[in-house]
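So the structure is just underneath, and the comments pick up after that.
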Amino acid sequence: KSVKKGFDFTLMVAGESGLGKSTLVNSLFLTDLYKDRKLLNAEERITQTVEITKHTVDIEEKGVKLKLTIVDTPGFGDAIDNTECWKSVADYIDQQFEQYFRDESGLNRKNIQDNRVHCCLYFISPFGHGLRPLDVEFMKALHEKVNIVPVLAKADTLTPTEVQKKKIKIREEIEQYGIKIYQFPDCDSDEDEEFKQQDLELKESIPFAVIGSNTVVEAKGKRVRGRLYPWGIVEVENSAHCDFVKLRNMLVRTHMQDLKDVTRETHYENYRAQCIQSMTRMVVKERNRNKLTRESGTDFPIPMGPAVSESETEKLIREKDEEVQHEKNKPVLQLGAGFSQKFQYDFKI
Amino acid sequence: MTENIKEESKADQSLQEDRLEAHAKTEENESKEEAEQVEADLKVQLCEPFPGLQTGLIRSADLFGYVGIESVLDQMRRKTVKAGFEFNIMVVGQSGLGKSTLVNTLFKSKVSRKSSTPNYEEKISKTVRLHAVSHVIEEKGVKMKLTVIDTPGFGDQINNQNCWEPIVKYVNEQYEKYLREELNVNRKRRIPDSRVHCCIYFLPASGHSLRPIDVEFMKRLGKIVNIVPVIAKADTLTVEERQEFKERIRQDLEANGIHVYPQRELDEDPEDRILNDRIRASIPFAVVGTDKEHQVNGHKVLGRKTKWGIIEVENVAHCEFANLRDLLIRSHLQDLKDVAHNVHYETYRVRRLNESNMNLSELTAGLHRCC
């Protein structure tokens with residue numbers, strides 16, 4: 001039944017312009033989403049603000065349908081003054097949560113559309129020495145709202161040693177600033193060695209050093225997706241050249257379900273708990289006021305089912321909090337591994 | 001005019017003849033020849049000192065013999081070699097664009113700020129500071145005092161509003177220093193020149209177009225200093241992408257009225273124009289810098305080794321580093337200094353002297369008092 005209905009997945013890409021975000025998206029999903037895009041010139045960009053754009057594409061393979069939504073953030077980090085340029089991004093994510101929240105608490109829950117952002121690929125520039133102040137601020141503002149997967153863009157400008165050094169530095173800085181990026185779930189102890197090895201490699205490749213390409217070139221007699229330079233050909237799908245294959249596998253083949261689970265169980269629940277808390281505080285205030293003026297009944301801001309008393313709401317919140325904590329600590333993979341194994345589709349080229 | 005000269009020559013002639021007669025009569029024939037020679041030589045000079053200065057042009061084919069004017073070049077060369085010369089270059093751009101590496105590669109030595117500071121740590125500073133490092137480079141007996149001015153912190157913050165101001169201030173301060181030295185009553189024979197002769201602006205290789213911060217910076221600095229924009233870390237652009245990017249940048253520069261070096265208005269003659277047009281058609285140069293050497297086909301080359309090939313820095317088919325080096329050092333170094341002195345410095349000087357609205361004597365008197 002799930003296969004019939006198809007899956008949906010929302011991926012957000014964020015980062016300064018010119019880092020190859022659109023090229024990578026096209027390479028990942030073998031699409032040409034940005035065909036008619038016009039690049040703005042410098043004058044037009046001075047007054048541009050951060051927009052949020054959405055492209056949806058339906059991909060089908062071997063009878064399995066995937067509705068893929070790409071959320072792009074053109075204009076991010078381009079202005080001279082980028083203070084709070086991540087605000088529109090954070091607002092967008094919250095909006096999607098809010099919409100889902102309303103839908104979930106509504107009366108007709110059959111056809112809820114899940115537009116929540118499941119994963120955010122954040123593009124780090126290879127030209128800097130590790131994370132820039134803007135990168136840190138963005139990730140700190142969003143790490144509790146969405147799964148952040150950091151990506152080292154345009155990695156063909158780096159030699160292998162430089163890639164290693166940068167990755168180590170970025171991982172150190174991520175820890176130093178307390179940024180919670182998406183954590184790959186740990187393997188079960190009874191998985192085979194190969195799987196464990198792959199998993200370990202995956203964890204040590206963060207941030208993924210990627211190269212994207214819109215063109216097909218000929219290398220050693222084969223036609224591959226790549227970039228042709230006077231000094232050689234970079235093959236996008238060659239794991240010796242970059243981590244593109246690892247990223248694609250992670251996103252599409254192995255961890256898609258887990259990303260959705262974490263979004264649902266952690267980020268969304270956080271949002272919901274916060275929402276309820278702030279609402280209850282509002283409700284409490286209303287209640288007190290009403291007591292003074294001897295008025296009965298209050299208008300709850302959103303339908304919450306049968307009216308609950310104050311202490312009960314507090315209990316609800318506490319329970320939810322505990323549940324959330326519990327979920328966070330539990331090795332999530334139990335269900336996830338089974339799921340992804342079952343629905344392992346090959347998006348071959 | 002010629003009559004005067006003929007008279008003079010006649011007078012000379014008579015003097016000579018007298019002298020010669022005093023010696024020996026057998027040299028009469030010779031003396032006659034010499035006299036003719038003197039007359040001929042004197043005909044050459046034809047400069048009227050008063051109203052309507054007229055200069056004639058005598059080509060070397062018309063000279064009757066070897067005069068030796070070209071030895072002036074040797075004399076100049078000798079003096080320059082003895083005194084050495086100064087060159088001040090400023091590098092501006094976000095951190096991590098390879099500024100220090102490029103400067104080291106240009107001058108084939110460790111002249112950047114990073115190589116000069118022990119225990120250097122890569123940290124993004126909160127404000128734009130300017131850091132000048134000087135080295136004396138010697139090659140074949142010619143000494144050059146090279147000063148590299150670095151601008152760490154430029155464009156690195158979240159809010160980069162007015163991050164160009166410390167740089168504008170620095171450039172103007174150097175002009176001011178020079179101006180004061182020049183106006184001094186007792187001024188030094190060679191005024192120490194700390195003015196910025198050339199500013200290399202590093203553009204990240206995004207492949208799109210100029211960013212707002214690039215436009216703002218180059219607009220302001222293009223008026224007071226020679227700007228040479230370069231595309232940094234260009235090994236991420238294929239040849240087509242590079243061409244498109246450069247074209248877009250040139251369009252952006254023109255649309256915003258930014259004049260980079262070599263400035264079109266300063267071309268002096270058609271020859272210059274042709275040469276500079278060729279340069280203008282290929283700026284900004286897409287460069288790659290490195291200090292590591294690798295073996296390629298049996299020779300050692302400066303390059304970057306990746307899994308898919310070796311990028312040779314000095315190979316024009318790979319990147320335009322060689323073009324940049326030739327422009328900056330081998331062909332236009334003196335021109336950069338001349339433009340900086342005759343155009344940018346003069347503009348500053350005129351503005352300052354008009355501003356202060358004092359006449360020269362007041363200014364120098366004031367200086368004398370405080371010196």
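Here are some residues: B:211, B:250. Which one is without any contact (Cβ under 8 Å) to a residue 12 or more places away in the chain and either crowded, with 19+ Cβ neighbours inside 10 Å or within 21 Å of residue B:327 (Cα to Cα) (or both)?
Details: B:250 fails: without any contact (Cβ under 8 Å) to a residue 12 or more places away in the chain.
Answer to the check: B:211.
So residue A:166 clears everything in (1) within 14 Å of chain B (Cβ to nearest Cβ); (2) touching a strand residue (DSSP E or B) at 6+ places or on another chain (Cβ under 9 Å); (3) outside any helix (DSSP H, G or I); (4) not acidic (Asp, Glu) except one condition, right? Which one?
(3)
Only one of these is in a strand (DSSP E or B) and over 17 Å from residue B:230 (Cα atoms): B:64, B:87. Name it.
Numbers: B:64 fails: in a strand (DSSP E or B).
Every option except B:87 fails the conditions.
Of the residues B:223, B:233, B:219, which is within 17 Å of the chain's Cα centre (by Cα), of a type outside the set (Asp, Glu) and either within 14 Å of chain A (Cβ to nearest Cβ) or farther than 30 Å from residue B:84 by Cβ (or both)? Spell out how you get there, then give the answer.
Details: B:233 fails: within 17 Å of the chain's Cα centre (by Cα); B:219 fails: within 17 Å of the chain's Cα centre (by Cα).
B:223 is the lone residue from the list that is within 17 Å of the chain's Cα centre (by Cα), of a type outside the set (Asp, Glu) and either within 14 Å of chain A (Cβ to nearest Cβ) or farther than 30 Å from residue B:84 by Cβ (or both).
All but one of (1) part of a loop (DSSP other than H, G, I, E, B); (2) among the polar types (S, T, N, Q); (3) without any contact (Cβ under 8 Å) to a residue 12 or more places away in the chain hold for residue A:115; state the number of the condition that does not hold.
The one condition residue A:115 does not meet is (3).
Only one of A:154, A:145 is at the interface with chain B (Cβ under 9 Å from one of its Cβ atoms), surrounded by 15 or more Cβ atoms within 10 Å (Cβ to Cβ) and among the basic types (Lys, Arg). Can you tell me which? Break it down stepwise before answering.
On the way: A:145 fails: at the interface with chain B (Cβ under 9 Å from one of its Cβ atoms).
Checking each option against the conditions leaves just A:154.
Just wondering, is there one or more residues in the range B:132-145 that are farther than 26 Å from residue A:132 by Cα and touching a His at 6+ places or on another chain (Cβ under 8 Å)?
yes
Looking at the structure I just gave you, is residue B:188 more than 19 Å from the chain's Cα centre (by Cα), modelled with pLDDT of 90 or more and surrounded by fewer than 16 Cβ atoms within 10 Å (Cβ to Cβ)?
Details: more than 19 Å from the chain's Cα centre (by Cα): yes; modelled with pLDDT of 90 or more: no; surrounded by fewer than 16 Cβ atoms within 10 Å (Cβ to Cβ): yes.
In short, no.
For the range A:86-127, which residues satisfy the criterion of being within 14 Å of chain B (Cβ to nearest Cβ) and buried (at least 21 other Cβ atoms within 10 Å of the Cβ)? Spell out the reasoning first.
Let us first name the residues in the range A:86-127 that are within 14 Å of chain B (Cβ to nearest Cβ), namely A:86-87, A:123-127.
If the condition is that a residue be within 14 Å of chain B (Cβ to nearest Cβ) and buried (at least 21 other Cβ atoms within 10 Å of the Cβ), then A:86, A:123, A:124, A:125, A:126, A:127 are the ones that fit.
Would the range A:212-219 turn up any residue that is in contact with a Lys or Arg (Cβ under 6 Å, 6 or more places away or on another chain) and either away from chain B (no Cβ under 14 Å) or touching a residue at least 40 places away in the same chain (Cβ under 8 Å) (or both)?
Residues of the range A:212-219 in contact with a Lys or Arg (Cβ under 6 Å, 6 or more places away or on another chain): A:213, A:216.
Pick out the ones that are also either away from chain B (no Cβ under 14 Å) or touching a residue at least 40 places away in the same chain (Cβ under 8 Å) (or both) and you get A:213.
Checked the range A:212-219: at least one residue is in contact with a Lys or Arg (Cβ under 6 Å, 6 or more places away or on another chain) and either away from chain B (no Cβ under 14 Å) or touching a residue at least 40 places away in the same chain (Cβ under 8 Å) (or both).
Sort out which residues of the range B:320-364 are in contact with a Gly (Cβ under 9 Å, 6 or more places away or on another chain) and at pLDDT 85 or above, and write them in order of number.
Step one: filter the range B:320-364 for residues in contact with a Gly (Cβ under 9 Å, 6 or more places away or on another chain), giving B:321, B:358.
Scanning the range B:320-364 gives a single hit, B:321.
Using beta carbons and a limit of 6 Å, which pairs, at least six apart or on different chains, have the first residue in the range A:233-262 and free of Cβ contacts under 8 Å to residues at least 12 places away in the same chain and the second one of a type in the set (A, V, I, L, M, F, W, C)?
Every condition considered, the pairs that remain are A:239/A:245.
Could you tell me which of the residues B:311, B:283 is within 14 Å of chain A (Cβ to nearest Cβ), in contact (Cβ under 8 Å) with a residue 24 or more places away in the chain and among the hydrophobic types (A, V, I, L, M, F, W, C)? Don't jump to the end; show me each part of the working.
Details: B:283 fails: within 14 Å of chain A (Cβ to nearest Cβ).
So the residue among B:311, B:283 that is within 14 Å of chain A (Cβ to nearest Cβ), in contact (Cβ under 8 Å) with a residue 24 or more places away in the chain and among the hydrophobic types (A, V, I, L, M, F, W, C) is B:311.
Yes/no matrix, rows are residues, columns are (1) in a helix (DSSP H, G or I); (2) within 19 Å of the chain's Cα centre (by Cα):
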site	(1), (2)
A:88	yes, yes
A:95	yes, yes
A:98	yes, yes
A:106	no, no
A:110	no, no
A:126	no, no
A:136	yes, yes
A:140	yes, yes
A:149	no, yes
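The values are calculated or read from the model by the stated rules, or taken from the named source; none is laboratory data. None of these values were measured; they are calculated from a predicted model. Every residue, glycine as well, gets a Cβ built from its backbone with ideal geometry; the counts of neighbours run over all protein chains shown.
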